[in-house]
Amino acid sequence: MNFMSWNLPEVRPLSRELEPALRRAIDQKTKPIGSLGRLEPLALQIGLIQQTLKPEFRAPTELIFAGDHGFAADGVSPFPPEVTPQMVANFLAGGAAISVFSRQHGLTLKVVDAGVATELPAHPDLIAMKVRAGTRNARRERALTAGEVLQCLGRGGEVIARCAERGTNVVLLGEMGIGNTSAAALLHSALLGLPLADCVGRGAGHDDAGLARKLTILQEVRKRHADATTPLDALAAFGGCEIAMLAGAILAAAARRMLIVVDGYIVTSAVLVAASLQPAVRDYCVFAHASAEPGHGRALRELGAEPLIDLGLRLGEGSGAALAWPLVVSAAAFLREMATFESAGVTNRA
């Protein structure tokens, strides 16, 4: 397929010039070296991204990308496709888990219509970026054309540009779309060369029979598009609009040196795409949690990532990113505000 008309954002690896000073600053805080555990490398990463010893987060924004999938009508999810727009309405009304967690932590919540199958009423917190009204059924044809993939990638970048205009320097990424754990499993299988059975899980709550049906359907899809192994080809073959738009947003956010807090399995599939195109994307990502979906652990290992929390979550919608957010805030806060042995007049170890 022809993907020549899209300009891939330039993502530069983190500059390491400040690393010695950051390590000294972290080690000289009033604590034994390493005693804050994984908060310490997290603080180092944040300091390197922002190139400062006193990092701050401005206008933190949770972005939920929503889209529908053609094969959802075939029963790959225990929930019917109409749940996607219903849940978008729930997000915007403030009733979903991510709505609660965003309020709790003072996060701005925006929902991006990447490809919901129905028209959504205007709302101040809805960003209309629809590329098409749901993907085609990947069981019978490619979910997206090359042009639609490129549109999604570009519009993901536009969403990040809007955030940057508000001063945002950190985004938390989530998704909504009935059937999108299926698309994510297909992407994981194609991009990591894994057996599909190792990537397919219960998603929104399949029983054993539903899980077996889901795997059978996805094996048909994978076989039909066996040649889709490169990142953009895989996006075109399997979809969805929300995953492709997430990939574009990740690339654009990394290019702007934003911190990216990655939710679970579906958002990680978008990171796999983005990192395949620009490996330095990984430098800007913090992986919030370990999903209960079976393929997530393997993907995290491939990305060299260690999630901040493991609560057995499999809700999606950015919920894990919001739950991990206080740890990210704490990592930046101790680096910025915690006293050193010298400034506090505390005797250091010999």
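Some observations on this one:
Matching residues to (1) basic (Lys, Arg); (2) assigned by TED's automatic domain parsing to the domain that holds Asp68; (3) closer than 22 Å to Val271 by Cα:
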{"site": "Pro80", "(1), (2), (3)": "no, yes, no"}
{"site": "Ala89", "(1), (2), (3)": "no, yes, no"}
{"site": "Gln104", "(1), (2), (3)": "no, yes, no"}
{"site": "Lys130", "(1), (2), (3)": "yes, yes, yes"}
{"site": "Leu173", "(1), (2), (3)": "no, yes, yes"}
{"site": "Leu186", "(1), (2), (3)": "no, yes, yes"}
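- Considering segment 306-330, the residues that are crowded, with 20+ Cβ neighbours inside 10 Å and of a type in the set (A, V, I, L, M) include one that is modelled with the lowest pLDDT, namely Leu313.
- Residues of segment 188-214 satisfying the condition of being part of a helix (DSSP H, G or I) and closer than 20 Å to Thr135 by Cβ: His188, Ser189, Ala190, Leu191, Leu196, Arg213, Lys214
- When each of Ala275, Ala292, Ala244, Ala254 is tested for being within 25 Å of Asp68 (Cβ to Cβ), in a helix (DSSP H, G or I) and of a type in the set (A, V, I, L, M, F, W, C), the lone residue that passes is Ala244.
- Ala93, sole failed condition from (1) touching a Lys or Arg at 6+ places or on another chain (Cβ under 7 Å); (2) farther than 30 Å from Arg257 by Cβ: (1)
- The conditions of being buried (at least 18 other Cβ atoms within 10 Å of the Cβ), in a helix (DSSP H, G or I) and either at pLDDT below 95 or of a type outside the set (Ser, Thr, Tyr) (or both) are not met by Ala333.
- Residue match in segment 26-41 (condition: more than 30 Å from Asp233 (Cα to Cα), modelled with pLDDT of 95 or more, among the hydroxyl-bearing types (Ser, Thr, Tyr) and outside the structural domain of Ala183 (by TED's automatic domain parsing)): yes
- Filtered residues of segment 1-30 (kept if without any contact (Cβ under 8 Å) to a residue 12 or more places away in the chain and not aliphatic (A, V, I, L, M)): Asn7, Glu17, Pro20, Arg24, Asp27
The values are calculated or read from the model by the stated rules, or taken from the named source; none is laboratory data. Keep in mind that this is a model prediction, so the values were computed, not measured. Here the Cβ is made from the backbone with ideal geometry for all residues, glycine too, and neighbour counts use every protein chain on show.
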